[in-house]
Amino acid sequence: MSKLFIAGEVFHGAGSLEELKNVKGKKAVLVTGGGSMKKSGTLDKAIAYLNEAGIETKTYEGVEEDPSSETCFKGAELMKDFQPDWIVGIGGCSAIDAAKMMWVFYEYPDADFDAMIKPFSVPVLRQKAKFVAIPSTSGTGTETTGLAVITDREKGVKYPIVSYELTPDIAIIDGEICASMPAHVTSNTGLDALTHSVEAYVSNIDNNFADALSKGGLKIVFDNLKEAVKNPDNITARQNMHDASFMGGLAFNNAWLGIVHSLSHQVGALFGVPHGACNAIFLPNVIRFNEKESSRFPDLAKVIGKETAEDLAQAIETLRSEVNNQSAIKEFGISREDWDKNLDFMANNAFLDPCTGFNPRKPTVEELKEIYNACYEGLVYTESKVLDAAL
Ligand SMILES: [Fe+2]
């Protein structure tokens, strides 16, 4: 027997934000990021809908990109004073992930962040509040996952906090909210959604639901991402990408991810490279690395009219360039010296990342370094070629 882990209630479609009118409760804290939700009027709309439902609100604004545990403690303090029975994460994934951890520290003020790094260590939630997730970017699928990525800046490490307790009670997937998303964010986050579909499909967990969602999500990204990047006002393409993000998120919430994410978490934490951009650089080479141990790639390639794992890797590289994403880590201004200095640290942390355990091929630290180096330079990874280059 196994359980499908999914957000409690899922509302999707343009205008579905209005569903907040039907939430039953007394007090809500809305948690949001740098101001785009305020500027676009979405935050005010959400507050008005909650007020219409008879819910008093307070807002925590200013969650930074790649939120820290300190931000989560601060938000929990506000919640302690206000005592909400709903927490609403609204905005990009950083705001929603931070809101999830604020929720934990609100319910358990003495909880130890370091102890929760171990997967499935979050205590039982919903003792004080329930959670609504309203994403404004189409990538992480955090609105239906038991995951919050929190960064320890001092240590230079991104920690995926993993627990099904963190899966939201309500997910609102409203493509209209994404209309203000800048083109580069649409592109990065869309490629993150694509990565989730690929990694969940080939992970070492068999799950028929995840397989169908992965295939469906992948097709939608290939059919809609270019349009969403080029014509930001096309709400149909926006909604399709938002749906694909949810589908990828739901797939990996049940079948998990692989080493693309293990590698990306380190580069994001140390060098601030956007998560989706990192994934899009690592994914084609990780497909080439994994191909040896997984026979599932041709099946996935068929979804987009291709045949082999290599075809799939190349199609992703083409899409990546069509939506103006980088093809090498060095394009983010990281010097070779800085890269080499941190390579052992990154490869060791990537090896220990929880996602590595679900990858179809178990890598060694040395192999992770080889993939890192190929992707730093923007080279096609083949085991012999990379070894040749290193000699
Ligand atoms: Fe991701």
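For LYS27, the residues whose modelled amide H falls within less than 5 Å of its own, excluding neighbours fewer than 5 places apart on the same chain, are GLU56, ASP85, TRP86. When the GluC sites (Glu not before Pro) in segment 253-324 are filtered for DSSP coil states and for at most 16 other beta-carbon atoms within 10 Å of their beta-carbon, the remaining sites are GLU307.
Among the listed pairs LYS341/LYS369; LYS21/LYS58; LYS39/LYS158; LYS330/LYS369, give every one whose C-alpha distance is greater than 19 Å. From the list (LYS341/LYS369; LYS21/LYS58; LYS39/LYS158; LYS330/LYS369), the Cα-Cα distance tops 19 Å for LYS39/LYS158. Centroid-to-centroid, using Cα positions, segment 173-245 and segment 268-291 are 17 Å apart.
Shape of segment 9-177 from the C-alpha gyration tensor: prolate (a/c of 1.5 or more and a/b above b/c, with a ≥ b ≥ c the square roots of its eigenvalues).
Of the trypsin sites (Lys or Arg not before Pro) found in segment 67-165, the ones in coil according to DSSP and having at most 14 other Cβ atoms within 10 Å of their Cβ are ARG126, ARG153, LYS155. Short-range pairs are left out: with C-alpha atoms under 8 Å and at least six residues apart, the relative contact order of the chain is 15 percent. Restricting attention to segment 9-177, close to 20% of DSSP beta bridges with both partner residues there are antiparallel. Straight-line cross-link partners of LYS306 among the lysines, defined as a Cα under 27 Å from its Cα and at least 8 positions apart when in the same chain: LYS215, LYS219, LYS226, LYS230, LYS292, LYS362, LYS385. Taken one residue at a time, the phi angles of segment 113-126 give Karplus couplings (6.51, -1.76, 1.60, θ = phi - 60°) of 4, 4, 6, 8, 5, 5, x, 6, 9, 6, x, 4, 9, 6 Hz. Gly and Pro are set to x.
Taking every full run of DSSP H in the chain, the ones that stretch at least 27 Å from end to end by Cα along their long axis and average -1.0 or higher on the Kyte-Doolittle scale are 183-202, 208-230, 235-255. Distance from the C-alpha centroid of segment 126-158 to that of segment 55-99: 11 Å, rounded to the whole angstrom.
Restricting attention to the chain, close to 20% of DSSP beta bridges with both partner residues there are antiparallel. Scanning residues 5 or more positions from THR59 or on other chains, those with amide H under 5 Å from its amide H are LEU30, with H placed 1.01 Å from N in the peptide plane.
Taking a Cβ cut-off of under 10 Å around ALA347, the surrounding Lys, Arg, Asp and Glu residues balance to a net charge of -3, with basic ones at +1 and acidic ones at -1.
Karplus-based coupling profile of segment 12-18, in residue order and whole Hz: 9, x, 4, x, 6, 3, 4, with θ = phi - 60° in 6.51 cos²θ - 1.76 cosθ + 1.60 and x standing for Gly or Pro. Accessible surface computed residue by residue for the chain, with neighbouring protein chains in place and a 1.4 Å probe, gives 39 Å² per residue.
With θ set to phi - 60° and the Karplus curve 6.51 cos²θ - 1.76 cosθ + 1.60, what are the ³J(HN,Hα) couplings of segment 22-39 in order, to the nearest whole Hz, using x for Gly and Pro? Per residue, the Karplus-derived 3J(HN,Hα) values read 9, 6, 9, x, 10, 9, 10, 9, 9, 10, 9, x, x, x, 5, 5, 6, 4 Hz.
The values are calculated or read from the model by the stated rules, or taken from the named source; none is laboratory data. All of these numbers come straight from a predicted model, not from anything done at the bench. When we count neighbours, we look across all protein chains shown, and the Cβ atoms used for this are built from the backbone with ideal geometry, even at glycine. Accessible surface areas use protein heavy atoms only, side chains included; no ligands, DNA or RNA. Shrake-Rupley method; radii C 1.70, N 1.55, O 1.52, S 1.80 Å.
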